1. Give all pairs with beta carbons closer than 7 Å in which a residue from segment 108-132 that is at negative phi meets a residue that is exposed (fewer than 10 other Cβ atoms within 10 Å of the Cβ) and part of a loop (DSSP other than H, G, I, E, B); count only pairs at least 6 apart in sequence or on separate chains.
2. Taking only segment 88-111 into account, find how many residues are surrounded by fewer than 16 Cβ atoms within 10 Å (Cβ to Cβ), modelled with pLDDT of 90 or more and of a type in the set (Ser, Thr, Tyr).
3. Got a sec? Which of Ser52, Ser11 is within 15 Å of Glu100 (Cβ to Cβ), touching a residue at least 40 places away in the same chain (Cβ under 8 Å) and among the polar types (S, T, N, Q)?
4. Give Ala80, Ala101 a once-over and let me know the one that is small (Gly, Ala, Ser), under 29 Å from Ala126 (Cβ atoms) and touching an Asp or Glu at 6+ places or on another chain (Cβ under 9 Å).
5. Going through segment 14-41 one residue at a time, which ones are of a type in the set (Gly, Ala, Ser) and under 16 Å from Thr99 (Cβ atoms)?
6. In segment 6-53, how many residues are basic (Lys, Arg) and under 18 Å from Lys82 (Cβ atoms)?
7. Would you mind finding the one in Arg182, Arg165, Arg175, Arg114 that is surrounded by 10 or more Cβ atoms within 10 Å (Cβ to Cβ), over 23 Å from the mean Cα position of the chain (by Cα), modelled with pLDDT of 70 or more and part of a loop (DSSP other than H, G, I, E, B)?
Amino acid sequence: MKHAETPIVLSHVQVKPLLEARRRGQSRAMTSLDLGLTTCEVTLQPDRVVFSETQGLAWDSLEEVARKEIACFLVEENAAKKIQSFSEELNRQYSLMPTEAAPTLLVSGLPMHRIKGTEPYQDALAKIRAIGGLAGRAQDTATGALLALDVWTDDFAVVSGVARRADCPCCVEGRYEFLDGRSTSRSERLCGRSAYQISPAAPVRIRCSAAV
């Protein structure tokens, strides 16, 4: 029985050392074909890099991967395909972003891990340690279930029998008025003045005569 090959996933982090090795005239170089999980030796030929008996990439494809610093690529049929997907239902773009260590998921351009001053794997460990003192039930928030959370008791309940509305402004259309402040009033103190700027959530008619 023929077993499928292990998928080859590359980013600029793994490709740039190969380009440097080519400039130095090397015929072999070490890199990772799984975003840093393992390393292996690959063969540098005049027209391409050979990763395995069946997979390789031309140098122009490798240079293209090196230029895309926020993307990861799957090597299939000797071609590099960007790892990304678009949800018509949620109107969101999903892609994989490389770092010097583990990659992170981008959802409509937003990373799902902290990457400044740390990396995704260490960020995930830090979050696990932060909640390590909590005990009791755990709930996977990626299942799509509706949760009722009590912040005072640190408890939650799964609400069953609730279906997503096809016209839900949040779940379907991605509108979050209360999170981005569009549905709440705001006030700001103007710098250097004894005055405040008030931005109401909805249009308001002000009667100046009533304020005198």
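The values are calculated or read from the model by the stated rules, or taken from the named source; none is laboratory data. From a predicted model like this one, the values you see are computed outputs, not experimental measurements. So basically every Cβ, Gly included, is an ideal-geometry build from the backbone, and we count neighbours across all protein chains shown.
1. Pairs that qualify, where the first residue is at negative phi and the partner is exposed (fewer than 10 other Cβ atoms within 10 Å of the Cβ) and part of a loop (DSSP other than H, G, I, E, B), are Glu119/Glu100.
2. 1
3. Exactly one residue qualifies, and that residue is Ser11.
4. That would be Ala101, the only listed residue that is small (Gly, Ala, Ser), under 29 Å from Ala126 (Cβ atoms) and touching an Asp or Glu at 6+ places or on another chain (Cβ under 9 Å).
5. The answer is Ser32, Gly36.
6. Result for segment 6-53: 1.
7. Sole residue among the options that is surrounded by 10 or more Cβ atoms within 10 Å (Cβ to Cβ), over 23 Å from the mean Cα position of the chain (by Cα), modelled with pLDDT of 70 or more and part of a loop (DSSP other than H, G, I, E, B): Arg165.
One line per residue, one yes/no per condition, for (1) part of a strand (DSSP E or B); (2) of a type in the set (A, V, I, L, M); (3) surrounded by 11 or more Cβ atoms within 10 Å (Cβ to Cβ):
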| position | (1), (2), (3) |
| --- | --- |
| Glu5 | no, no, yes |
| Lys16 | no, no, yes |
| Leu19 | no, yes, yes |
| Ala29 | yes, yes, yes |
| Glu53 | no, no, no |
| Ser61 | no, no, yes |
| Glu64 | no, no, yes |
| Val75 | yes, yes, yes |
| Ser85 | yes, no, no |
